[in-house]
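Nothing in this text is a laboratory measurement; each read-out follows from the coordinates by a stated rule. Keep in mind the model is a prediction, meaning the values are calculated, not measured. Here the Cβ positions follow ideal geometry from the backbone for every residue, glycine too, while neighbour counts run over all protein chains shown.
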Amino acid sequence: MDARLDYFADPAADRTAGRALKHLMATGRAVKDSPLPAATQELVALRVSQINGCAVCVDMHTKDADAAGEAPVRLHLVAVWREATVFTEAERAALELAEQGTRIADAAGGVTDEVWARAAAHYDEEQLTALVILVSFMNTVNRLNVITRQPAGDYRPGQFH
């Protein structure tokens, strides 16, 4: 599969993409540097990308998490986290918030008060802010990649860091 656009190599797209993506990627770096646990960040990024069908992001986040020492069983079970016993209560709360935040149109009401309360029981305000920004960031990046059919499989851990 060939990408419809190459954000990084196409000179015509570079003027627009270069300016916009510079700021967008800075958002991703700010979240990465936040106090939200790194493992939670990778699990949430992976789950949002699975929901959105973003193959290139699934590729990236599984490889980055694996390189950071994440247990393969946890990566394999992210899609079915509700039935899996390998996630902490805090991670489960983050994954639930991420799912509802990603499926806004499906859930009609967005993130419920109950889901928010579960997340707030495990994360402080700065971590919750990072979690909300991460979910929003991943949804944006997933859409950029899915719309332009970015291919998966060639990512090397840490390639964009």
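Against the condition surrounded by 15 or more Cβ atoms within 10 Å (Cβ to Cβ), of a type in the set (A, V, I, L, M) and in a helix (DSSP H, G or I), how does LEU5 come out, does it pass?
no
Has region 60-68 got any residue that is of a type in the set (Ser, Thr, Tyr) and under 13 Å from the mean Cα position of the chain (by Cα)?
For region 60-68, residues of a type in the set (Ser, Thr, Tyr) and under 13 Å from the mean Cα position of the chain (by Cα): present.
Here are some conditions: (1) closer than 20 Å to SER136 by Cβ; (2) hydrophobic (A, V, I, L, M, F, W, C); (3) part of a helix (DSSP H, G or I). LEU36 meets all but one. Which one does it not meet?
(3)
In region 94-119, how many are surrounded by 16 or more Cβ atoms within 10 Å (Cβ to Cβ), over 15 Å from the mean Cα position of the chain (by Cα) and either closer than 30 Å to ARG4 by Cβ or among the small types (Gly, Ala, Ser) (or both)?
So the answer is 1.
Within region 64-161, which helices (runs of 4 or more DSSP H) (wholly inside it) include 2 or more residues that are of a type in the set (D, E, K, R) and closer than 18 Å to ARG47 by Cα?
89-102
Which ones in region 25-48 are of a type in the set (Ser, Thr, Tyr) and either free of Cβ contacts under 8 Å to residues at least 12 places away in the same chain or surrounded by 19 or more Cβ atoms within 10 Å (Cβ to Cβ) (or both)?
THR40
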